[in-house]
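Enquirer: Pasting a structure below so you can have a look.
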Amino acid sequence: MKYGIIGTAGHVDHGKTVLIKALTGTDTDRLAEEKCRGITIDLGFAHLDWPDGTQAGIVDVPGHEKFIKNMLAGAGGIDLALLVVAADEGVMPQTVEHLDILSLLGIRDGIVALTKADLADADWLEMIRKQVQDLVRGTFLEGAPILPVSAVTGSGIPELNEQLHSLVLHTKEKSTLAPFRLPIDRVFSVDGFGTVVTGTLTEGVIRVGDPVELTPSGLTSRVRNIQVHGQDTETAYAGQRAALNLPSLKKEELHRGDAAVKPGSVRPSRMLDVRLRCLPDAHRTILSGSQVHLYHGASVQLAKAVLLDRDELPPGAQCFAQLRLTEPLAARQGLTLSLDLPEHPIPSVTGDEEKLMQLLSILLSNALSYTPKGGSITIRLKTKGRAHLLSVEDTGIGITKEEQPHIFDRFYRTEKSRSTNGHFGLGLSIAYEIVTAHGGKIEVEDNTPNGSIFTVTL
């Protein structure tokens, strides 16, 4: 059986909720205020089931700019995008913004629905179609189907249903072997059952009776009941939207943005090493040390963005950065990070704490960049006489003998696959400068086929 999550996107009042109701029979506007105002404020959910057993959850996100936080809360776990553009209005500001968000999230496939097609004649529809084609050129939606539909007349709805079925069938399988992980997007209580949380199971398998850890709080519980698409089930699989009954916890103890995980599988952190990208049409340059909002799963919090190889990031550029968070966050890339530390106490090192932290961040970011998912990174610390040896080992693609003498040179250019945009950038040269300023040395060793080893001696 194949499972997938479809996420809507598009400008406010372009007919996302009405379209979902036409596809599924479910009205995803569940709040009284939403009914009154006629717009989606918070996340809504529905599901599609096809005769061959294929299932899809649908996340209906708000289109209004004031509720962009809620839109992002629902966009994190989706496999496919359903970009909605009203045929009578065409592309609008939130259409562009939502498409940018989906691109940043790495969504790889989707479809465009031209809603309210009954309000436009053939010539106007063709003009809007070309407008949409221009919008999606160079994005993951380039070449995607663009279907005129009408929730009023039913025109195009069967064709859209068929296209969505085909896309779900071809979505990449999520891992059922990894420990389960469910970012929580709703928390509520049910009389006679207690606390219920919902979310999209991003990986793994969860069963009735399984122990659960809530991160970052560390609270624990056990699953008493599971529902998928409104039906009781013993097991939920990666790619499904699920509701978990956690009776031993109080509603007030849980929040949107928490994650239900296999106990011990995730360790919250206040620092994340990331590749930071500033959109070409962004209205500001990101300065090192700037505060940014971090959206991860269904959570949002403030973070300080420390750029690792530059002082500023202009629109259209990208670089590696370290996000220093205000609160712990449970994030996982899919790599195994191991620490190999001596049992005996380690003598302290005299130096600039900020610079030494930057050094470690650069080496970790370098390892993360060139280690595929499923690989591992090991940080080793040992003493040799009065010297301290720090090594970062990865199982990535390695470094050729030709590259090794130049790897710490500023903007050394290479045609090899390890480079980014044809050069190593400034990160490793900055690492070299930090080490030499502390009177130490840094060396690199190719460990093919097991990646590379960077060793710092202080």
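The values are calculated or read from the model by the stated rules, or taken from the named source; none is laboratory data. Keep in mind that what you see is a predicted model, and the values were worked out from it rather than measured. We place every Cβ from the backbone using ideal geometry, glycine too, and count neighbours over all the protein chains shown.
Enquirer: Among the residues of region 51-60, is any more than 22 Å from Tyr237 (Cβ to Cβ) and either crowded, with 18+ Cβ neighbours inside 10 Å or modelled with pLDDT of 95 or more (or both)?
Expert: Within region 51-60, one or more residues are more than 22 Å from Tyr237 (Cβ to Cβ) and either crowded, with 18+ Cβ neighbours inside 10 Å or modelled with pLDDT of 95 or more (or both).
Enquirer: Related question: If you go through region 104-112 one residue at a time, do you hit one that is within 30 Å of Asp281 (Cβ to Cβ), surrounded by fewer than 13 Cβ atoms within 10 Å (Cβ to Cβ) and either among the small types (Gly, Ala, Ser) or outside the structural domain of Phe45 (by TED's automatic domain parsing) (or both)?
Expert: Within region 104-112, one or more residues are within 30 Å of Asp281 (Cβ to Cβ), surrounded by fewer than 13 Cβ atoms within 10 Å (Cβ to Cβ) and either among the small types (Gly, Ala, Ser) or outside the structural domain of Phe45 (by TED's automatic domain parsing) (or both).
Enquirer: Does region 301-317 contain at least one residue that is modelled with pLDDT under 85 and under 24 Å from Leu254 (Cα atoms)?
Expert: Yes, region 301-317 contains a residue that is modelled with pLDDT under 85 and under 24 Å from Leu254 (Cα atoms).
Enquirer: Are any residues in region 262-291 surrounded by 14 or more Cβ atoms within 10 Å (Cβ to Cβ) and of a type in the set (Val, Ile, Thr), and if so, which ones?
Expert: Those that are surrounded by 14 or more Cβ atoms within 10 Å (Cβ to Cβ) and of a type in the set (Val, Ile, Thr): Val266, Val274, Ile286.
Enquirer: Of (1) at pLDDT 90 or above; (2) assigned to a loop (DSSP other than H, G, I, E, B), Ile442 satisfies all except one. Which?
Expert: Tallying (1) at pLDDT 90 or above; (2) assigned to a loop (DSSP other than H, G, I, E, B), Ile442 fails exactly one: (2).
Enquirer: Ok, one more. Quick one: would you say Thr139 is assigned by TED's automatic domain parsing to the domain that holds Thr17 and without any contact (Cβ under 8 Å) to a residue 40 or more places away in the chain?
Expert: No; evaluated as a whole, the condition is false for this residue.
Enquirer: Do any residues in region 311-325 that are buried (at least 22 other Cβ atoms within 10 Å of the Cβ) have Cβ atoms under 7 Å from those of residues that are among the hydrophobic types (A, V, I, L, M, F, W, C) and not in a strand (DSSP E or B), where the two are at least six apart or on different chains, and which pairs are they?
Expert: So the pair list comes out as Leu313/Cys278; Cys319/Leu308; Phe320/Leu308; Ala321/Leu308; Gln322/Leu308.
Enquirer: Read through the list (1) among the small types (Gly, Ala, Ser); (2) out of contact with any helix residue (DSSP H, G or I) (no Cβ under 6 Å at 6 or more places or on another chain); (3) free of Cβ contacts under 8 Å to residues at least 60 places away in the same chain, then give the number of the only condition that Gly154 fails.
Expert: (3)
Enquirer: Now a separate question. Taking region 149-185 on its own, how many of its residues are more than 16 Å from Ser265 (Cβ to Cβ), in a loop (DSSP other than H, G, I, E, B) and not aliphatic (A, V, I, L, M)?
Expert: Total satisfying the criteria: 9.
Enquirer: Now a separate question. Just checking, how many residues over region 213-238 are over 22 Å from the mean Cα position of the chain (by Cα), within 15 Å of Glu253 (Cβ to Cβ) and buried (at least 16 other Cβ atoms within 10 Å of the Cβ)?
Expert: 2
Enquirer: Assuming Thr171 fulfils every condition listed in (1) of a type outside the set (Phe, Trp, Tyr); (2) buried (at least 16 other Cβ atoms within 10 Å of the Cβ); (3) farther than 16 Å from Gly7 by Cβ apart from one, which condition is it?
Expert: Exception for Thr171: condition (3).
Enquirer: Quick one: which strands (runs of 3 or more DSSP E) lie wholly within region 186-258 and hold at least 3 residues that are β-branched (Val, Ile, Thr)?
Expert: Hits in region 186-258: 194-200.
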